[in-house]
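One structure is given below, represented as structure tokens, and several questions about it will come after.
Derivation of every value follows stated rules applied to the coordinates shown; laboratory data play no part. Since this is a predicted model, take the numbers as computed values, not measurements. We place every Cβ from the backbone using ideal geometry, glycine too, and count neighbours over all the protein chains shown.
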Amino acid sequence: MIWFTEYQTENVGLTLKVRQLKNVHSKYQNIYLFENQDFGKVLVLDGAIQTTEKDEFMYHEMLVHPALVKHKNPEKVLVIGGGDGGSVREILKHPSIKQVDLCEIDEEVILISEKNLPNISGKLRDDKVKIYIEDGNEFLNERKNYYDVIIMDSSDPIGPAEVLFKSSFYDKVKEALKEDGIMVAQTESPFLQEKFFKNAVKEIKKSFKYFGVYTGFVPSYPAGMWSYTMASDNINILEDDEGYKKLKNIKTKYINEDIYKSLFKAVPQFIKDMIEEQ
Ligand code: SAM
């Protein structure tokens, strides 16, 4: 057993007692797989925890389901990043889905997840899923007016994912969406990664007419508090809708009808203030 610390800021770390199962240096990043008694298996990219067996449902459900139930009839969905497969698993719970494209830059993340995290990655080879090993920014150059929902399940805005947090990239996302399309992005910790959060919201706001921010709890992520930003050019994201009715038929462990109904309203005031500032 060793102690692994994720340095969430220069002054704050999360330390787990772990057994190391794997360490691979891929073309893009350093990949670790650990096992911890409380969190189960833990996937770490360049020192940052991406997913753990214990709390991954909290992140994946909150990232995926709100946008999919807000959209009237999502059939074609794109995930950028998300090589662990958790988002794909959640998307396939929606009966309207016909096609899921996953664009992940690093094939090693997919291979390690498939071998070691079957409960998360288990749907990656479903017939409806097509995997592209490509940079999400390049991938979108070829896609116009095609997807109903695009889900940004990327790592932090450092290294290969930096480009995925810029308005020049969100403009491409907008073009790849159909007219009534919706995008949702994980937008970091509004408490410990204030700068990343504010910047992501600012850049999304530049590209889309409508947007809304919501938060959720993910214990293994910085400060345990996470943010998600949904955006569209034609759907007023903040307007109430009946998406909660569709959630009734989807098996979840975190999101429920009440969370969905208050998604954009029950946002802490200091976060609302930061959003206003952007
Ligand atoms: N849940 C996570 C989080 O917020 O920490 C994200 C998990 S997922 C494993 C992130 C994935 O994004 C990684 O596998 C990484 O390889 C991928 N990624 C980073 N930059 C990318 C890019 N430019 N295009 C496509 N995928 C990218």
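Quote to one decimal, in nm, the extra length available between Tyr132 and Lys251 on full extension: 0.36 nm per residue of separation minus the C-alpha distance between them.
40.1 nm
Mind checking which lysines have their Cα closer than 20 Å to the Cα of Lys209? Skip sequence neighbours fewer than 8 apart in that chain.
Of all the lysines, those that pass the test against Lys209 - Cα under 20 Å, at least 8 places apart if same chain - are Lys70, Lys72, Lys144, Lys166, Lys172, Lys174, Lys178, Lys198, Lys265, Lys272.
Would you work out if the chain is rounded, prolate or oblate? Take a ≥ b ≥ c from the square roots of the eigenvalues of the alpha-carbon gyration tensor; rounded if a/c is under 1.5, else prolate when a/b is larger than b/c, oblate otherwise.
rounded
Leaving out same-chain residues fewer than 8 places away, which aspartates and glutamates sit with a Cα under 20 Å from that of Lys261?
Partners within reach: Glu61, Glu90, Glu239, Asp240, Asp241, Glu242.
Tell me the relative contact order for the stretch 2-52 as a rounded percent, counting alpha carbon contacts under 8 Å between residues six or more apart.
The value is 26 percent.
Does the stretch 1-113 come out rounded, prolate or oblate, given a ≥ b ≥ c as the square roots of the eigenvalues of its C-alpha gyration tensor, rounded meaning a/c under 1.5 and, failing that, prolate meaning a/b above b/c?
prolate
Further question on the same structure: Quick one: of the DSSP bridges fully inside the stretch 56-277, what percent are antiparallel, nearest 5?
Of all bridge pairs located within the stretch 56-277, approximately 40 percent are antiparallel.
Please report the spacing between the Cα centers of the stretch 69-112 and the stretch 180-208 in Å, no decimals.
20 Å
Is it possible to state the helix-based mean residue ellipticity at 222 nm for the chain, with each DSSP H run of 4+ residues giving -39500 (n - 2.57), the sum divided by total residues, to the nearest 500 deg cm²/dmol? What is it?
It lands at -8000 deg cm²/dmol.
Still on this structure, please answer the following. Compute the relative contact order of the chain as a whole-number percentage, counting only Cα pairs closer than 8 Å that sit 6 or more residues apart in sequence.
16 percent
Write down the Å³ per residue value for the convex hull defined by the alpha carbon atoms of the stretch 167-278.
Dividing the Cα hull volume of the stretch 167-278 by its residues yields 113 Å³.
If you count the DSSP beta bridges with both ends in the stretch 1-139, what percent of them are antiparallel, to the nearest 5?
Given both bridge residues lie in the stretch 1-139, the antiparallel proportion sits at roughly 70 percent.
Helix 194-207 sits at what angle to the longest principal axis of the chain, using alpha carbons and giving 0 to 90 degrees rounded to 10?
On a 0 to 90 degree scale, this one is about 30.
When we measure straight from the Cα of Lys17, which lysines land under 29 angstrom away, once same-chain ones fewer than 8 places off are left out?
Lys27, Lys41, Lys54, Lys115, Lys253
Quick one: go through the stretch 27-59 and flag any residue whose amide nitrogen is under 11 Å from the point 7 Å out along the Cα-to-Cβ line of Leu111.
27
With a ≥ b ≥ c the root eigenvalues of the C-alpha gyration tensor of the stretch 2-52, is it rounded (a/c under 1.5), prolate (a/b larger than b/c) or oblate?
The shape class here is oblate.
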